[in-house]
Structures are given as C-alpha cells and as structure tokens.
1. Between A:Phe434, A:Phe429, which is within 7 Å of chain B (Cβ to nearest Cβ) and in contact (Cβ under 8 Å) with a residue 40 or more places away in the chain?
2. Return only the number of the condition from (1) at the interface with another protein chain (Cβ under 7 Å from one of its Cβ atoms); (2) modelled with pLDDT of 85 or more; (3) surrounded by 21 or more Cβ atoms within 10 Å (Cβ to Cβ) that A:Tyr193 does not satisfy.
3. Need the failing condition index for A:Gly104 against (1) assigned to a loop (DSSP other than H, G, I, E, B); (2) at pLDDT 85 or above, just the number.
4. When A:Leu459 is evaluated against the numbered criteria (1) closer than 30 Å to A:Val219 by Cβ; (2) free of Cβ contacts under 8 Å to residues at least 24 places away in the same chain, which criterion, by number, is the only one it fails?
5. Under the condition of being of a type in the set (Phe, Trp, Tyr) and either touching a residue at least 24 places away in the same chain (Cβ under 8 Å) or under 17 Å from A:Gly189 (Cα atoms) (or both), which residue from the range B:34-59 is surrounded by the fewest Cβ atoms within 10 Å (Cβ to Cβ)?
6. Which members of the range A:475-486 meet the condition of being without any contact (Cβ under 8 Å) to a residue 40 or more places away in the chain and either closer than 12 Å to A:Met157 by Cα or in contact with a His (Cβ under 8 Å, 6 or more places away or on another chain) (or both)?
7. Within the range A:377-415, which residues are within 25 Å of the chain's Cα centre (by Cα) and of a type in the set (Phe, Trp, Tyr)?
8. Assess whether A:Phe142 counts as being on the phi < 0 side of the Ramachandran plot and either charged (D, E, K, R) or assigned to a loop (DSSP other than H, G, I, E, B) (or both).
Amino acid sequence: MDILSDLINGIGNAVSPANLLLLCAGVFLGMVVGVMPGLGPSAGIAILLPLTFGLDPTGAIVMLAAVYYGAMYGGTITSVLINTPGESATVASTFDGYPLARQGRAGPALVMAAIASFVAGTVGTLLLTLAAPVTAAVATSFGPPELFLVVMAGLLMLIVIVGKNRLLGAISALLGFALATVGIDIGGGEQRYTFGSAQLINGIDFIPVAIGLFGVGEVLWALYNGGHLERLQYIGVRAGGGRYWPTARDWAESRWAMVRGSLLGFFVGVAPGAGATVASVMSYSVEKSVAKKPEKFGKGAMPGLVGPEAANNAATSGAMVPLLTLGLPGSAATAVLLGGFLMWGLQPGPQLMDQNPDFAWGLIASMYLGNAILLVLNVFCIPAFASVARVPFRVLAPIIIVLCVLGTYTVNGSIIEVGIMLGCGVLGFFMRRFGFVPAATVVALVLGPLAEETLRQTLIISRGSFTIFLHRPASLLLVCVVALLCLLPLISAAIRRRRAQLRAERPVETDPSKTNEIEV
Amino acid sequence: MIGPVGRRVRPTAMTAFLCALAVILAVYTVLAFGMEWRAPAGRLGAGFFPRVIGVLGVFLCCVAAFRSLRPAASRGDLADAQRSASTAEREVVPGEVVHGEDAPGEEVPGGRHPWTLLATVAGMAAFLFLLVPLGAFLTSGLVMFALLVMLGRRHLVRNAAISILTPVILYVIFEVLLDAGLPLGPLPLP
C-alpha cells in the first residue's frame with residue numbers, strides 16, 4: 001500500500017502542467033536524438049543538460065530521463081528504415097527490422113516495435129516501482145565500507161562486461177578517477193592538480209567531460225569515418241493505409257517475444273555495465289533459439305525485431321534501479337543522468353526515496369506517462385521523425401559542435417571548461433579509435449569523490465585497518481562479488497579453453513557418424 | 001624493434017597514444033608523491049588516492065603499450081578487445097552498415113578522413129580562442145560556415161543560411177529564454 005500511495009503522490013507531482021510540458025519536450029527531444037545517427041542517449045542528455053538550467057529539479061530530471069528512454073524508441077526508426085542504428089542498443093533491431101522494411105513492411109515493423117517498446121517500458125517501470133523501495137531498504141543498512149565496495153563492484157562490472165576490453169577499460173576508469181582528484185581535497189582542504197588556477201579549485205565538472213567525450217568525440221569519430229560523405233539509402237514509410245498496421249499474425253508471432261524481452265531486458269538492465277545493448281543482443285539470441293522457424297531470423301522475422309526492442313526499453317527502466325537506490329550508474333547515459341542529479345543537489349542512493357520522495361516517485365510516475373506519450377508519438381508521427389534522419393551529417397556535425405560549445409559555456413560561464421570540453425572531445429575520439437571505454441571514464445569521474453570519501457570514512461572507522469571489509473557480513477559479500485568480478489576473466493578464459501579443447505576432440509568422434517549418415 | 005616474444009615488432013598509433021597517456025599519468029604520479037599520503041591525525045592524506053591511481057595507471061598503460069607492440073598475427077586478443085569495446089557502448093556512425101553481432105567492429109566503407117578531422121579540430125580551437133573576444137553569435141556563425149563549407153562546398157547559400165539561423169536560434173534559447181549569459185562580443189545584441 002505504501003508503494004501505491006507513494007506512486008499516486010508521484011503521479012500527482014508528475015502531472016503538473018509544467019512537468020507534463022517538460023515530459024513531452026523530453027520524449028520529443030529523445031526521439032530526435034535517437035533518430036540522429038551518431039548521437040545516442042548519453043550524448044543527447046549531456047548536450048541537452050545545459051538547457052535544463054533554470055528549471056526546478058524534478059522537472060529537469062523528468063525531462064532528461066524522458067530524453068534517455070525516448071532515444072531508445074527513436075533509434076529503432078533508423079535501424080528499420082536505413083539499416084543504421086541511432087545508437088548501439090538498437091543494433092539488434094537492424095537484423096530483422098531492415099529486411100522487413102525491404103519487404104515493404106516498414107510500417108508494421110515500426111508499429112510493432114513501438115508497441116513492444118511501450119509494453120516493455122511499462123513492464124520495466126512497474127518492476128522498477130516494486131524493486132526500487134526493496135533495494136533502497138536493503139541499501140539503507142550500507143555503511144561507508146559497503147558503499148565503497150558497491151562503487152568498486154559497479155565499475156568492475158562496467159569494465160568486465162563491456163566487451164572483452166578489460167585492460168583498456170581499467171585505464172579508462174583510472175583516467176576518470178584521476179580527473180576526479182583535481183580540485184580541493186575534501187578531507188584535508190589541500191589543493192590537488194590545480195596549478196594555481198582558481199577555476200580548477202572546485203574540480204573538473206563532469207558536464208564538459210561528458211559533453212566532450214560523448215558529443216564532440218562522437219562527431220569527430222563520425223567525420224573521421226567519412227560520415228559527412230554518406231548518402232543513406234532511405235526506405236519511405238507513410239502513416240495510415242492498410243499496409244501500415246501490423247496483422248493479427250504479426251501480433252500472434254510476437255506477443256511472447258515481447259514478454260520475454262521485457263523481463264530479460266529489465267533484469268539485464270539492473271546489472272551495472274550490462275545495459276540495453278547487451279539486453280537487446282541477448283534477447284535476439286533467445287528469440288532465435290526458441291523460434292519454430294529460426295531460419296527466418298535475419299530475413300524479416302517479426303519476433304527478431306520485437307524481442308530486442310522490448311529488451312532495450314525494459315533495460316532503461318532496469319538501469320534506474322541501481323541509479324536511484326545505490327547512486328550507481330551502470331552506463332554512460334545513466335552516468336550523465338547521475339551527474340544531472342548531483343548538479344541539482346540530489347544525491348541518489350538509499351536515502352533518496354526517503355528524503356526526496358516527491359522527486360523519486362515523481363520521476364517513476366513520469367516514466368509511465370512518458371511511455372504512453374511515446375507510443376502515441378511513435379505510432380502516428382513515425383514519418384515526421386523519419387524525416388529527421390534525412391538531415392545529412394555534414395549539416396548536423398557543425399550544429400552539434402556549436403551546441404556543445406555554447407552549452408558548456410553556459411554552465412559556469414567559463415572558457416576554461418570549454419577548453420576542457422574540446423580537449424575531452426579529442427580524447428573521446430582517440431578513446432573510440434583505440435577501443436577505450438569512455439563510459440567508464442565518466443562513471444569514474446562521477447563516482448570518484450564518493451569512492452575516496454567512503455574509503456576515507458571506512459579507514460577512520462577501522463582506525464586504518466583494511467580488515468574491516470571482511471568483518472561485516474554485507475561488505476564480506478561485496479568483497480566476494482568484487483573478487484569474483486576480478487577472477488571472471490580467468491574463469492571465462494578457462495571455459496573458452498575447455499570448449500576449444502572439446503571442439504578439437506569432437507570431429508574425431510563425430511566423423512564416423514557423419515560417414516554413416518552419408519552412407520545411409 | 002624486438003618485441004615481447006623475440007620477434008620483430010613495430011609501434012602502432014595505439015602504442016604512441018598509450019605512451020602519451022603513460023607520460024601524463026607518470027607526471028600525475030610524481031605530483032601525487034609530493035602530497036602527504038597520511039594526514040597528521042592518522043587519516044588518509046590528499047596524496048593517497050592519486051598515488052594509487054597514478055601507479056596503477058602507469059603500470060596498466062605500460063602493459064597495454066607493450067601488448068600493442070606485438071606482431072599482428074598474435075595481437076588478436078587486443079584487437080578483438082578494441083573492436084568490442086569501441087562498439088559495445090558507442091553510437092553507430094552514420095552510414096555504417098551492420099550485418100550481425102560482430103558487424104559494428106567492421107571497417108567503415110567510407111574510409112578514413114584524417115584531414116577532415118584535423119580541420120574540424122582546428123575549427124574547434126578557433127572557436128575556443130574567438131568565443132570571448134568576438135562573442136557567441138559571431139563566432140558560432142563564422143565557425144559553422146567554415147565547417148559547413150569544408151564538409152560540403154556545393155551549397156553556399158544554404159550553408160550561409162544555416163550559419164545565420166542556427167546561432168540566432170541558439171542565442172534565443174540560451175540568452176533570451178534561459179538567461180544563460182553568453183559572451184556578446186562587439187555586436188550590439190539585445
């Protein structure tokens with residue numbers, strides 16, 4: 001009952017005219033961001049963050065969260081129509097979405113994707129509503145040792161799970177931690193790495209770094225790869241008419257894919273580091289493995305589009321659980337969102353739902369409304385959003401750069417921060433070029449001060465002894481998780497070796513049977 | 001150069017980047033060792049965290065640089081890691097054709113354009129130095145026009161229109177609606 005009454009209060013808070021307007025603006029901008037190839041939710045939120053200055057905190061975060069999940073809807077349109085995902089979470093949607101469009105079924109594909117996104121977004125938000133208070137209640141008992149370990153575990157997950165790039169991922173995280181140490185040391189008041197600059201005393205703000213790494217870095221990477229020369233093959237779609245709507249068969253084929261994708265996406269999304277990309281690819285594999293006709297996958301199977309779409313949207317709700325209850329962002333986009341929270345004076349974590357219930361529940365309630373608005377926008381305005389994808393990148397790139405520069409300048413009116421942003425843009429390009437993980441840098445930059453503070457508090461409590469991590473049950477459990485994450489590369493390498501060994505042995509055993517089959 | 005397995009190797013662009021990072025982190029570490037790692041009351045000092053970060057960072061950069069020196073045939077792990085990491089959380093670039101789960105790591109058909117990249121970075125640097133003296137409106141317009149002409153020369157009128165309209169819209173959003181305080185420069189803007 002508590003949850004229900006909190007949610008009703010949240011809805012009351014979210015449906016204020018100002019917040020509704022911001023929610024609509026957020027989902028609209030999110031769709032536009034998602035549709036634009038080369039811009040994803042993290043870059044979109046980072047670039048749009050300065051536009052929320054002057055708003056009240058709830059309205060600002062409602063709008064930014066709407067940009068986040070709106071971008072997931074928008075990314076599908078380009079995946080289906082031009083075989084170019086707006087961001088990595090919709091890569092799996094191209095596998096069957098584009099073949100469907102080439103068969104003249106772009107309308108049904110996009111409508112089914114929108115319905116799947118809505119169902120998954122709503123299921124995900126419902127699960128978030130139930131899981132967030134429980135997780136927050138557990139996390140309330142966490143002290144500084146546990147919080148330090150949670151931060152470490154989150155970062156390790158990001159490094160271990162995002163690709164196989166552990167070494168470069170760890171360097172990326174260390175770069176973020178290094179940037180986080182610039183400024184006054186909270187513990188002793190000593191200046192670190194300020195080099196006498198008054199502008200660096202308060203440290204390096206995450207906004208210029210996030211805008212640089214994700215916004216400018218993306219643009220530079222796209223230009224380096226000739227994005228400005230591309231002429232995209234666009235498949236048109238018109239709303240209305242018989243061929244626009246999905247058939248009963250589409251629905252029958254896809255309804256369980258929608259359910260499976262929603263549940264899988266949410267639980268994968270909860271794990272820091274996994275996120276929407278992993279969820280959507282996993283869902284595609286699951287759908288293909290349970291399909292009666294797996295050979296249709298890759299050639300235009302509706303469940304192959306619906307499953308991943310449901311998964312990536314549910315994952316965005318799942319990612320909100322660690323963000324709201326532990327203050328732990330699991331991806332680049334949630335790291336930028338966390339930065340937005342901190343900018344507005346809100347500290348996500350176990351206390352957030354107790355101390356700022358209006359905000360926390362207002363945000364959750366807004367996600368229900370946002371998904372409903374997105375469904376309507378997607379079903380009836382797909383052609384309008386699709387036309388955004390026709391804006392050539394050679395026009396888009398200068399606009400994004402100017403927006404990034406002016407947006408960064410307006411945060412503190414500091415030209416030094418513009419320089420930091422542009423420097424991070426170049427760094428972001430090289431990180432993309434060589435396979436580093438910019439998300440880990442931003443997450444470490446945002447969580448660095450928390451990690452340092454909690455470690456310091458931990459050692460004060462234990463009088464300098466690190467054995468405190470082993471004396472408390474919760475922290476001991478987290479130490480085991482951290483150890484497991486550290487050992488995961490070794491374990492997975494051992495499993496791979498064993499599999500390879502088995503594969504090498506198998507042909508000798510199977511050859512006779514194959515021969516028999518041929519003979520029969 | 002003789003590599004880790006005794007075969008001839010050559011440094012790559014990645015090696016150079018990692019060496020640069022290692023140097024920056026080494027300077028960071030030296031400065032960290034100039035700070036107290038333990039405060040008088042027995043608490044952790046300002047230098048503790050930076051020392052840990054710096055030492056670990058230099059070590060890992062050296063390991064990664066060393067690994068990037070390996071001959072191409074035995075560099076599979078790192079290359080795989082590069083590809084997967086660069087695609088797992090990144091947005092897909094325009095025009096990139098995706099054919100399957102492994103596809104995001106493929107070479108982009110459009111080829112590489114280092115001069116376009118350098119020119120864009122030069123434009124960004126000009127933006128940085130001109131923003132305050134010339135003001136946001138004028139600098140945005142000039143840099144946008146230069147970038148638009150560089151990226152697509154055929155449509156001069158359209159480029160000029162975009163270069164005027166975009167700064168106007170951004171000026172209205174930031175200065176008029178949000179009262180954000182952009183540098184105005186010599187133009188007598190309201």
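1. A:Phe434
2. That leaves (3) as the condition not met.
3. Of everything listed in (1) assigned to a loop (DSSP other than H, G, I, E, B); (2) at pLDDT 85 or above, A:Gly104 misses just condition (2).
4. (1)
5. So the residue we want is B:Trp37.
6. A:Ala483, A:Leu484
7. A:Phe385, A:Phe393 - these are the residues of the range A:377-415 that are within 25 Å of the chain's Cα centre (by Cα) and of a type in the set (Phe, Trp, Tyr).
8. Yes, satisfied.
The values are calculated or read from the model by the stated rules, or taken from the named source; none is laboratory data. Computed from a predicted structure; not experimentally measured. Positions of Cβ are backbone-derived with ideal geometry, glycine not excepted, and every protein chain shown enters the neighbour counts.
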